Every structure is written in structure tokens, then in C-alpha cells.
Amino acid sequence: MNIYQKDQLTDFMHKFESRRLEISRDVEKAVADILQNVQQYGDRALVEYAQRFDRVNLNVHPLRVPEETLQQAHAQLDPELLDVLRGSRDNIKRYHEKAIPQSWLTWEDDGVVLGRRVQPLERVGVYVPGGLAAYPSSLLMGAVPAQVAGVAQICVTTPCNAEGKMNPLILAAAWELGIENVYRVGGAHAVAGMAFGTDTIPRVDKIVGPGNIYVATAKKMLYGQCGIDMVAGPSEVLIIADESADPAFAAADLLAQAEHDPLASSILVTPSSEVAKAVAIETEQQLLKLDRVEILNSSLAEYGGILLLDSMQECVEISNRLAPEHLGLHVRDPWTLLGDIKNAGAIFLGHYSPEAVGDYWAGPNHVLPTNGSARFFSPLRTEDFVKVSSLISYTQTAMQKHGEKIRRFAESEGLDAHASAIEKRMDSL
């Protein structure tokens with residue numbers, strides 16, 4: 001793993017900032033064609049794209065996974081693994097229950113009543129990746145907060161192989177969560193199916209969940225047709241390490257991120273040359289014992305690096321500039337450093353808080369903003385599965401008191417119909 005000195009900072013930052021999600025025109029055109037065809041032809045288009053991209057015949061293997069298949073996968077799951085699945089679900093549920101939005105009303109002077117009404121979305125689609133790896137954890141992270149928010153129906157799309165087979169743990173997790181609407185389809189066409197609705201897949205109000213560049217592009221282009229959580233790019237981790245850092249822990253966390261995808265980014269910043277050298281050596285040694293060697297080597301070579309700086313303050317500044325999806329604080333006193341952190345999707349404090357804890361077990365959502373969007377986006381939350389209506393009730397007394405000011409405001413904008421709507425009520429008093 002390469003170590004960069006401070007005088008290489010400009011090149012280092014350019015390398016990682018240029019990694020921002022840039023969707024090529026070819027990708028956008030391909031996705032636009034897919035969206036148009038699915039909107040026009042529905043299930044027929046889904047069957048054709050599944051044959052083209054996944055070599056699976058959805059006329060033989062039904063688009064909607066039979067309930068007995070879900071139930072069978074659940075029944076055949078290792079009981080110990082089922083307990084793990086349930087423990088993860090319960091932790092996610094407890095965490096997201098702490099942030100359930102509430103409706104409220106307030107009574108003002110002159111009988112005015114103001115407030116907001118919070119209602120859950122009616123139907124949500126959860127996209128679960130199934131390309132380089134399958135992620136039942138992403139199903140939990142997308143579906144459990146929706147259930148906590150009170151969403152009535154959850155639809156799941158996830159790819160299958162050429163024989164129509166799907167990851168059994170994803171199917172078992174769906175059954176455990178009480179989700180019966182699971183569809184054997186992935187890619188941009190699956191996203192389009194949920195957004196527009198087909199004869200088989202119902203139209204959803206919002207689509208959540210990570211995916212490849214075609215899935216991300218489809219979600220971006222469909223925003224407005226339905227809601228989305230965010231436009232996610234390749235995953236990333238940044239570790240800030242001081243002299244107390246354990247090189248083995250830091251290296252393991254960098255590799256854990258790098259194994260996701262050749263485009264995944266794993267960065268460590270430190271003011272300690274000893275830590276930098278030790279982590280570089282440890283990373284190479286641990287890599288030799290892991291399975292996904294090609295992905296790891298590609299990711300670390302292209303988007304991995306150790307940056308040696310002069311101070312912890314400089315490390316924090318670089319972190320805030322990059323706004324990482326995952327931020328690990330491998331420092332002696334992480335809670336003191338936390339106050340200086342401005343931009344990060346999820347923050348892991350201390351030597352025994354690896355990113356994997358957040359991915360699978362702790363409870364906070366692992367669907368996180370990437371590509372620097374933690375400057376303005378948040379992790380997937382309970383709040384993302386509700387909609388809010390403002391409530392306004394004015395009385396005759398309130399209109400008599402404030403009507404003239406409202407009328408003048410409307411006239412100042414040249415909207416005489418707005419002003420008239422106020423005048424009509426004032427004239428009736």
C-alpha cells in the first residue's frame with residue numbers, strides 16, 4: 001500500500017476527489033433506454049433484460065418469488081445463523097425506533113392552529129445487490145427502518161443467476177421480516193419496474209438500497225417519478241490514526257472496505273511515520289491470507305493510500321474535505337476528536353469499533369452517503385420513510401388581524417389573485 005508524503009498532498013487529493021461519481025453519457029443513454037422500455041412494456045421488458053444481462057428465463061423462473069420458496073429458505077437456514085440474523089434485526093429496530101418522527105399541533109393567538117401530520121409511505125421498494133456479492137444485511141438496513149416507520153408494504157428486488165437461483169439468506173431474511181413481495185430481478189430494469197409499476201411489480205413510493213452504476217443512474221433519473229434515498233457511488237473508508245493505533249486493526253479495516261469493489265476507496269491519514277509504515281506492511285501481509293485478492297489488489301492500487309501529515313489537525317482537515325462514507329478514529333481519545341469532525345456518513349470511535357460492526361450488528365444504518373456527499377446527505381433513517389403535511393387553520397379573528405399584511409405581501413409580488421383570495425375573506429368580516 002503506497003505511502004504519500006505531505007508534498008504529494010495535491011496529487012493525493014486529486015486522485016481521490018476525481019473518483020467522484022461521474023456518469024458517462026453511454027451509461028445514461030443505456031439506462032434511459034431501459035427506463036423507457038420498462039415504462040412502455042412492463043413485465044415483457046423485464047423478461048427481455050433478465051435474459052440479456054443475467055441469462056435467466058423469467059418465463060421459466062417466475063418474476064415473483066413464490067412464498068413457499070421464501071418459507072423453505074427460512075426453514076433450511078442454519079439455526080445459529082438465524083439467531084444472528086434476528087439479533088441484527090433487533091439492534092437495527094431498536095436504534096431506528098429512537099427517531100420516529102411525531103405529528104404535533106400548536107395553538108396560537110386568535111384561534112390559529114398550526115402543526116404537522118406525519119404519515120408513513122404506503123409502499124417502499126428495497127433494492128438488494130447481488131453482483132460480486134449478495135448482501136442480506138442491505139435488506140435488513142432498507143426494510144427494518146421502513147417497518148419501524150409504519151410502511152404498509154415492502155417490495156424487494158434482487159438478482160438471480162442463470163438458473164434462477166437466489167441467495168438463500170436474502171430469501172430467509174425476507175421471510176423473517178414478513179416480506180412476501182420479492183422479485184427475481186436486478187439492475188436498472190428492476191429499479192424501473194418498481195418506479196413505474198408493472199403487471200407483476202407494484203409501483204412504489206420510494207426506492208432505497210445500494211447498487212452498481214446502472215442502478216445508481218436509474219435511481220437518479222427516476223427521482224421525481226418516485227422518491228429515492230440517495231445516489232450512492234462506490235464504498236469508502238478513511239481512518240485517522242495516531243501513535244496509539246494498532247496497525248493490525250487499521251490494516252484489517254482498510255482491507256474490509258477494499259474487498260467490496262475494485263472502485264472502493266481505503267485511505268489512512270496519520271502524523272506518525274511509524275504507524276504509516278507498520279500499516280503498509282501489515283496490509284500486504286493480511287492481504288495474502290484473504291480470498292478476494294484480485295478485487296483487493298485493484299482497489300488498493302487505484303484508490304487506496306496512506307497519507308503522512310504533520311499533525312492530527314491536518315488529518316481532520318483532510319477527512320472533512322473528503323467527507324468519507326465511513327470514518328474510523330483509531331486514536332487515543334476519539335471522543336475529544338469527534339468535536340472537530342464535520343463531514344462523515346458514519347463515525348467509528350476507538351480501536352474496537354471496526355466498520356464491520358456497523359455493517360452488520362450495531363444498529364445504525366449502513367446505507368450511507370458516498371463520494372463526498374456526507375457534506376449534505378445523511379444515512380438512511382426512519383425519517384426517510386415518512387411524509388409530512390403542514391397543518392394551517394386560521395379563524396375570522398386571525399384573518400381580520402393579519403389579512404391586510406398578507407394582501408400587501410401578495411400585491412408586492414404582482415400576484416393579484418392571491419391578494420384577491422385574502423380580500424374576499426376580509427370583505428366578508
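Any residue that is assigned to a helix (DSSP H, G or I) and open to solvent by 10 Å² or more (accessible area, probe 1.4 Å) - is there at least one of those in region 185-205?
yes
Does residue 308 fit the bill of being closer than 24 Å to residue 274 by Cα and modelled with pLDDT under 95?
Taking the combined requirement at face value, the residue does not satisfy it.
If I filter region 47-70 for residues that are of a type in the set (D, E, K, R), under 30 Å from residue 356 (Cα atoms) and open to solvent by 70 Å² or more (accessible area, probe 1.4 Å), do I get at least one hit?
No, the conditions are met nowhere in region 47-70.
Quick check, is residue 232 outside any helix (DSSP H, G or I) and either within 23 Å of residue 377 (Cα to Cα) or touching a residue at least 24 places away in the same chain (Cβ under 8 Å) (or both)?
In short, yes.
If you check residue 354 against the conditions, is it open to solvent by less than 70 Å² (accessible area, probe 1.4 Å) and in contact (Cβ under 8 Å) with a residue 40 or more places away in the chain?
For residue 354, the condition - open to solvent by less than 70 Å² (accessible area, probe 1.4 Å) and in contact (Cβ under 8 Å) with a residue 40 or more places away in the chain - is met.
Looking at residue 262, is it modelled with pLDDT under 95, open to solvent by less than 50 Å² (accessible area, probe 1.4 Å), farther than 18 Å from residue 356 by Cα and not aromatic (Phe, Trp, Tyr)?
yes
Do you know which residues across region 302-322 are buried (at least 23 other Cβ atoms within 10 Å of the Cβ) and more than 12 Å from residue 271 (Cα to Cα)?
304, 319, 322
How many residues are more than 19 Å from residue 139 (Cβ to Cβ), in a loop (DSSP other than H, G, I, E, B) and more than 27 Å from the chain's Cα centre (by Cα) if we restrict to region 38-85?
Number of matching residues: 8.
Just a yes or no: is a residue in region 164-180 open to solvent by 40 Å² or more (accessible area, probe 1.4 Å) and assigned to a strand (DSSP E or B)?
no
Quick check on my filter: what residues within region 246-259 are open to solvent by less than 10 Å² (accessible area, probe 1.4 Å) and either farther than 18 Å from residue 353 by Cα or modelled with pLDDT of 95 or more (or both)?
Once the filter is applied, which keeps residues that are open to solvent by less than 10 Å² (accessible area, probe 1.4 Å) and either farther than 18 Å from residue 353 by Cα or modelled with pLDDT of 95 or more (or both), region 246-259 yields 250, 251, 254, 255.
List every residue pair whose Cβ atoms lie under 7 Å apart, where the two residues are 6 or more positions apart in sequence or sit on different chains, the first residue falls within region 293-316 and is closer than 14 Å to residue 337 by Cβ, and the second residue, located anywhere, is of a type in the set (S, T, N, Q) and in a helix (DSSP H, G or I).
none
Any residue at all in region 382-396 that is buried (at least 19 other Cβ atoms within 10 Å of the Cβ) and either of a type in the set (S, T, N, Q) or in contact with a Phe, Trp or Tyr (Cβ under 7 Å, 6 or more places away or on another chain) (or both)?
yes
I'd like to verify a number: residues in region 86-132 that are open to solvent by 80 Å² or more (accessible area, probe 1.4 Å) and in a loop (DSSP other than H, G, I, E, B), how many?
The qualifying residues number 5.
Please go through region 313-360 and pick out each residue that is acidic (Asp, Glu) and under 17 Å from the mean Cα position of the chain (by Cα).
Selection gives 325, 355, 359.
Which helices (runs of 4 or more DSSP H) does region 239-313 wholly contain that include 1 or more residues that are of a type in the set (Lys, Arg), in contact with a strand residue (DSSP E or B) (Cβ under 9 Å, 6 or more places away or on another chain) and at negative phi?
273-287
The values are calculated or read from the model by the stated rules, or taken from the named source; none is laboratory data. Since the structure is predicted, the reported quantities are computational estimates derived from the model, not experimental observations. Virtual Cβ from ideal backbone geometry, glycine too; neighbours counted across all protein chains shown. Quick note on the areas: whole protein, heavy atoms, side chains included, nothing else; ligands and nucleic acids left out. Shrake-Rupley method; radii C 1.70, N 1.55, O 1.52, S 1.80 Å.
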